[in-house]
Amino acid sequence: MDMLNSLSREDEAARERLISANQGMIKRTCDWSDVNTGSRNTAGLNKFAPMLADGFSELEANIQIVQTEGFEAVTDSGQTEIQQTGPVLLVTARPKADIQIILSGHYDTVFPQGTFEGVTDLGDGRLNGPGLADMKGGLCVMLEALKAFEAGPMKDRLGYQIVLTPDEEIGNFASAEYLTRAAQSGAMIGMTYEPAMETGAMSGGRKGSAVFDIVLHGKAAHAGRAKEEGRSAVEAAAELVLGLEKLNGQRDGVTVNVGSIDGGSAVNIVPDLAVVRFGARAPDADSAAWATEEIRKLYERATARDGIHGHMHGGFYRPPKPRNAAQQALFDAVHATGQAIGLDLEFVDTGGVCEGNNIFAAGVPNVDTLGVRGGRIHSSEEFVITESFSERATLSALLLNRLADGRLNARHIKSLMGQ
């Protein structure tokens, strides 16, 4: 690791370039933040995608804006429909180069149009605004790091595919295939630009994540005249919810959370429809399989009630991303690289999920919190630490240099995936 925690001439050049680019990265991120890209704001996503493509056109790469086919979702009426989102941005450079990597990020936010808007200077080197940290700031860091790398002498040794998605905050259901395809087309290492923690700590192992919608149908009846003729879907849903919540604590690391129950109408009608929406997290594949089986049993018990039928939609859309030998080797390399610029990086296991889970499931070790430092994400108090733009862009540029010149051995790290 000694070669990783010292600076080469190319590293010094990239560092100087990125220090001077800090204010430009901040301005671009603020401009991008001003365009609402809530995950279901299709118009906003379609407006922003060409702006994003224009920014990434500064790279020596081919750019495509690809409309997805949408994704299947369950409505409040219990029916399935295809919902649309924005396009995926695909950026490809030097596909024949000896070293190949995948970079990923998302441009959607959790904020619907008209909710959280505008950038506010909080002072003390912090800005508040939607998506500044999660993760339009990370996209700017990715872009500037790649520009700094391509300004150096080693660019021909390293090729990349970038996948920028419009639906990460709602599960990547429309864009997951693009992540998988890019990861499986020769990538050795993955780099994803979710925000680092305020302290600079980064994510280590991640749990897997599931989203389920269970639709239950009963039989409507007049609640006063013929209550006994009805079959309450809401009652069946209530029993189901209690069973789901009781799964918590039964297996280490597995959590289940019921988010909502839709259904029913007037109090004088026995409700004939209920939709139970819930999520689950699991630390490894065996735990995910256990959780899925327990949920299936609860669903079958609910639909075994007299007069109740239904269907179950969803599952573990992001497999767990545990620490293995490949992940740990990559974390060690990133830590050593950080030391070269005075960063003592810590990797903390988390229950959160991201596109790094998808890339890991496709067989590629990856580090997924290379974005800016910030905090209070997914709230109107979201903030970014402005000095972290050049800091994190420099970290990425150094990683690219080390991948290209062999100080960071991408092939060896990927060879450890099965261990």
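The values are calculated or read from the model by the stated rules, or taken from the named source; none is laboratory data. Fair warning: this is a prediction, and the values are worked out from it, not measured in the lab. All Cβ positions, glycine included, derive from the backbone under ideal geometry; neighbour counts span all protein chains shown. Ligands, DNA and RNA are excluded from the accessible area calculation, which covers all protein heavy atoms including side chains. Shrake-Rupley method; radii C 1.70, N 1.55, O 1.52, S 1.80 Å.
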Legend entry - Complete set of residues in the range 8-52 that are assigned to a helix (DSSP H, G or I) and among the acidic types (Asp, Glu): Glu10, Asp11, Glu12, Glu16, Asp31
Inset, instruction - Go through the residues of the range 387-407 one by one and say whether even a single one is acidic (Asp, Glu) and either free of Cβ contacts under 8 Å to residues at least 40 places away in the same chain or assigned to a loop (DSSP other than H, G, I, E, B) (or both). - result: yes
Legend entry - Residue match in the range 163-170 (condition: in a loop (DSSP other than H, G, I, E, B), β-branched (Val, Ile, Thr), out of contact with any helix residue (DSSP H, G or I) (no Cβ under 7 Å at 6 or more places or on another chain) and more than 19 Å from Ala333 (Cα to Cα)): no
Inset, instruction - Filter the range 357-408 for residues that are surrounded by fewer than 22 Cβ atoms within 10 Å (Cβ to Cβ) and either within 17 Å of the chain's Cα centre (by Cα) or closer than 25 Å to Arg181 by Cβ (or both) and give the result. - result: Ala361, Ala362, Gly363, Gly375, Arg376, Ile377, His378, Ser379
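Matching residues to (1) of a type in the set (Gly, Ala, Ser); (2) modelled with pLDDT under 95; (3) over 30 Å from Gly114 (Cβ atoms):
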| site | (1), (2), (3) |
| --- | --- |
| Glu300 | no, no, yes |
| Gly307 | yes, no, yes |
| Arg318 | no, yes, no |
| Arg323 | no, yes, yes |
| Ala336 | yes, no, yes |
| Thr350 | no, yes, yes |
| Glu381 | no, no, no |
| Ser390 | yes, no, yes |
| Ser396 | yes, no, yes |
Legend entry - Asp284, sole failed condition from (1) modelled with pLDDT of 95 or more; (2) under 21 Å from the mean Cα position of the chain (by Cα); (3) not aliphatic (A, V, I, L, M): (1)
Inset, instruction - Considering only the range 53-83, state which residues are within 28 Å of Ala151 (Cα to Cα) and not in a strand (DSSP E or B). - result: Ala53, Asp54, Gly55, Phe56, Ser57, Glu58, Leu59, Glu60, Ala61
Inset, instruction - Please determine, by comparing only the residues of the range 98-137 that are touching a strand residue (DSSP E or B) at 6+ places or on another chain (Cβ under 7 Å) and free of Cβ contacts under 8 Å to residues at least 24 places away in the same chain, which one is least open to solvent (accessible area, probe 1.4 Å). - result: Thr120
Inset, instruction - Among the numbered conditions (1) under 23 Å from Phe347 (Cα atoms); (2) out of contact with any Phe, Trp or Tyr (no Cβ under 9 Å at 6 or more places or on another chain), tell me where Met191 comes up short. - result: (2)
Legend entry - Some residue of the range 63-86 being closer than 20 Å to Cys140 by Cβ, touching a strand residue (DSSP E or B) at 6+ places or on another chain (Cβ under 6 Å), of a type in the set (A, V, I, L, M, F, W, C) and open to solvent by less than 40 Å² (accessible area, probe 1.4 Å): no
Inset, instruction - Working carefully through the options Ile170, Ile162, find the one that is on the phi < 0 side of the Ramachandran plot, open to solvent by less than 10 Å² (accessible area, probe 1.4 Å) and under 20 Å from the mean Cα position of the chain (by Cα). - result: Ile162
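Collect the residues in the range 409-419 that are assigned to a loop (DSSP other than H, G, I, E, B) and open to solvent by less than 30 Å² (accessible area, probe 1.4 Å), keeping them in residue-number order.
Once the filter is applied, which keeps residues that are assigned to a loop (DSSP other than H, G, I, E, B) and open to solvent by less than 30 Å² (accessible area, probe 1.4 Å), the range 409-419 yields only Leu416.
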Legend entry - Where Ala226 falls short, out of the listed (1) touching a residue at least 40 places away in the same chain (Cβ under 8 Å); (2) over 14 Å from Ile359 (Cα atoms): (1)
Legend entry - Identity of the residue in the range 232-260, touching a helix residue (DSSP H, G or I) at 6+ places or on another chain (Cβ under 7 Å) and surrounded by 20 or more Cβ atoms within 10 Å (Cβ to Cβ), that ends up farthest from Val74 (Cα to Cα): Val254
Legend entry - Residues that are of a type in the set (Gly, Ala, Ser) and either in a loop (DSSP other than H, G, I, E, B) or touching an Asp or Glu at 6+ places or on another chain (Cβ under 6 Å) (or both), drawn from the range 326-379: Ala340, Gly342, Gly351, Gly352, Gly356, Ala362, Gly363, Gly371, Gly375, Ser379
Inset, instruction - Go through (1) open to solvent by 10 Å² or more (accessible area, probe 1.4 Å); (2) within 30 Å of Leu273 (Cβ to Cβ); (3) in contact with a strand residue (DSSP E or B) (Cβ under 6 Å, 6 or more places away or on another chain) one by one and return the number of the condition Glu229 breaks. - result: (3)
Legend entry - Hey, Gly190 within 24 Å of Pro319 (Cβ to Cβ), touching a strand residue (DSSP E or B) at 6+ places or on another chain (Cβ under 9 Å), of a type in the set (Gly, Ala, Ser) and part of a strand (DSSP E or B) or not: yes
Legend entry - Neighbours by Cβ (under 8 Å, 6+ apart or cross-chain): first from the range 13-40, more than 29 Å from Asn401 (Cα to Cα); second of a type in the set (Lys, Arg) and surrounded by fewer than 19 Cβ atoms within 10 Å (Cβ to Cβ): Val35/Lys47
